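Have a look at the structure below before the remarks.
The values are calculated or read from the model by the stated rules, or taken from the named source; none is laboratory data. Quick caveat, the model's predicted, so the values are computed rather than measured. With ideal geometry, Cβ positions are generated from the backbone for all residues, glycine too; neighbour counts draw on all protein chains shown.
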Amino acid sequence: MVAEVKGTASGAVSPTTQRPATAEVAGVVAPGNPGAVSGENVSLTRTAAEMRDLEQAVHGAPDVDIERVNRLRQAIAEGTYQVDDEKLAQNLLRHEMMMISGGEVGKK
């Protein structure tokens, strides 16, 4: 059986919510009757609920750490900002290796 979920929004369904699926929500229609809805229940797994919570946290986080940006601007303007060449080179290499390997570098 193939079901398509349309019009979902973060936080719209709690992980313990179980209700009969509707044709509009789950895309499940009783055989032979296009207007009828089957009696299936829709619920989120614990993993799906955690993913929803993480998505909400990410959307609530600022895109830019303004305080850090201001500290860096001030350090640059004062001539006190120093770059650790070795650390920069290591991070560039690690990033390139992750891109090549699909993100597996450095995982233990």
Checklist outcome for this item: Scanning segment 37-65 for residues that are exposed (fewer than 11 other Cβ atoms within 10 Å of the Cβ) and part of a loop (DSSP other than H, G, I, E, B), the one modelled with the lowest pLDDT turns out to be Gly39
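Can you give me the number of residues within segment 66-83 that are loosely packed, with under 10 Cβ neighbours inside 10 Å and not polar (S, T, N, Q)? Outline the logic, then answer.
So the first thing to find is which residues in segment 66-83 are loosely packed, with under 10 Cβ neighbours inside 10 Å, and the list is 66-68, 77-80, 82-83.
Those left that are additionally not polar (S, T, N, Q): 66-68, 77-79, 83.
Qualifying residue count for the region: 7.
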